[in-house]
Amino acid sequence: MRRNRKSDWARRMVRENTLTVDDLIWPLFVIAGSNVRQPVASMPGVERLSVDEIRRDVARAAELGIPAVAVFPYTDPALRDATGSEALNANNLVCQACRAIREETGDIGIMTDVALDPYTSHGHDGLMSGEEILNDETVDQLVTQALVQAEAGTDIIGPSDMMDGRIGAIREGLDKGGFRNVQIMSYAAKYASAFYGPFRDAVGTNATLIGDKRTYQMDPANTDEAVREAELDIAEGADMIMVKPGMPYLDIIRRLKDTFAMPTFAYQVSGEFAMIAAAGQNGWIDHDRAMLESLMAFKRAGADGILSYFAPMVAEKLKG
């Protein structure tokens with residue numbers, strides 16, 4: 001076996017999987033103001049960006065060849081309410097960012113998050129009655145949110161809410177609204193994970209979340225359920241499917257890819273990123289090697305692409 005490992009050229013020649021810049025989607029956090037680059041304490045090197053600063057980072061992404069960015073808002077707590085009404089505001093931060101990105105460059109895809117948690121005072125992804133999430137009423141609002149984002153220029157709707165039936169409803173709404181070319185990347189298998197903490201810091205929901213999300217996000221013990229979730233979303237019109245988190249669920253990525261042969265993505269979530277970034281920062285691991293190894297694991301498991309906060313660093317490494 002060592003003959004095929006004896007030199008760099010030999011290893012490259014027989015390599016089974018390859019990581020390229022085309023595999024990357026860069027998640028960005030948008031915040032109100034101008035000239036704002038606000039560090040996220042629990043995510044070393046990640047910042048909340050005002051719309052003008054997002055333009056600069058998107059220009060950098062386009063120069064590096066990153067195919068798409070994903071936009072998530074930090075909503076002013078004063079604008080959050082029980083129904084997440086700011087999600088429907090055609091001039092909310094996400095919509096402002098979409099328009100600014102489209103003005104900056106037409107050479108990059110824009111993905112936006114459809115869910116209510118960045119906009120609700122209780123931190124949940126849906127409308128509530130007492131402690132119960134109102135699935136169908138939430139889906140109606142998500143359709144409107146998706147249409148608002150489509151009007152602003154998004155290319156990919158990413159429903160992360162995990163309400164039943166939302167993919168079909170959003171697809172129908174987009175088609176009726178004249179947005180047949182807007183794609184849907186379904187968060188098909190989104191688990192009720194402990195790895196989301198730094199993201200919730202970044203969007204400001206850690207402080208507002210009441211209870212937990214286990215009634216609508218998946219049980220980490222389940223794999224058959226992921227297959228059923230993905231099958232439903234594909235039948236309802238999803239163009240792509242996603243597994244979230246990534247590294248703890250490589251088996252799910254492999255199983256969904258083998259079962260459906262659909263474009264399948266992994267989200268290397270904030271907790272995964274923070275562990276590598278912090279350990280590298282402290283000299284406990286080789287940051288760059290661990291970063292690249294973690295992304296290669298997703299490709300090896302069958303992912304066609306990866307949402308990762310490492311995206312610009314990886315793109316620069318690959319380009320170099």
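For the structure I just gave you, tell me whether Arg200 is at pLDDT below 95 and open to solvent by 70 Å² or more (accessible area, probe 1.4 Å). In short, no. Within the range 238-289, the set of residues being out of contact with any strand residue (DSSP E or B) (no Cβ under 7 Å at 6 or more places or on another chain), of a type in the set (Ser, Thr, Tyr) and surrounded by 24 or more Cβ atoms within 10 Å (Cβ to Cβ) comprises Ser270 only.
Of everything in the range 294-320, what is over 19 Å from Val58 (Cα atoms), part of a helix (DSSP H, G or I) and touching a helix residue (DSSP H, G or I) at 6+ places or on another chain (Cβ under 9 Å)? Give them in sequence order. Matches in the range 294-320: Ser294, Leu295, Ala297, Phe298, Lys299, Arg300, Ala301. If you go through the range 22-56 and pick out every residue that is in contact with a helix residue (DSSP H, G or I) (Cβ under 8 Å, 6 or more places away or on another chain), buried (at least 18 other Cβ atoms within 10 Å of the Cβ) and in a helix (DSSP H, G or I), you end up with 3. Only one of the numbered conditions (1) open to solvent by 20 Å² or more (accessible area, probe 1.4 Å); (2) under 19 Å from Arg171 (Cα atoms) is not met by Ala115, and that is (1). Of all the listed residues (Gly173, Gly211, Gly178, Gly283), the sole one being touching a helix residue (DSSP H, G or I) at 6+ places or on another chain (Cβ under 9 Å), not charged (D, E, K, R) and not in a helix (DSSP H, G or I) is Gly178.
Each residue in the range 59-82 was checked for being in a strand (DSSP E or B) and open to solvent by 60 Å² or more (accessible area, probe 1.4 Å), and 0 of them qualify. Taking every residue in the range 1-21 that is at negative phi and pairing it with any residue that is assigned to a loop (DSSP other than H, G, I, E, B), at least 6 positions away or on another chain, the pairs with Cβ-Cβ distances below 9 Å are Thr20/Gly65; Val21/Gly65; Val21/Ile66; Val21/Pro67.
If you take the residues in the range 131-170 that are touching a strand residue (DSSP E or B) at 6+ places or on another chain (Cβ under 6 Å) and charged (D, E, K, R), which one is least open to solvent (accessible area, probe 1.4 Å)? Among residues in the range 131-170 that are touching a strand residue (DSSP E or B) at 6+ places or on another chain (Cβ under 6 Å) and charged (D, E, K, R), the one least open to solvent (accessible area, probe 1.4 Å) is Arg166.
The values are calculated or read from the model by the stated rules, or taken from the named source; none is laboratory data. Here the structure is a predicted model, which is why all the values come from computation and not from measurement. When we count neighbours, we look across all protein chains shown, and the Cβ atoms used for this are built from the backbone with ideal geometry, even at glycine. SASA here: full protein model, heavy atoms, side chains in, ligands and nucleic acids out. Shrake-Rupley method; radii C 1.70, N 1.55, O 1.52, S 1.80 Å.
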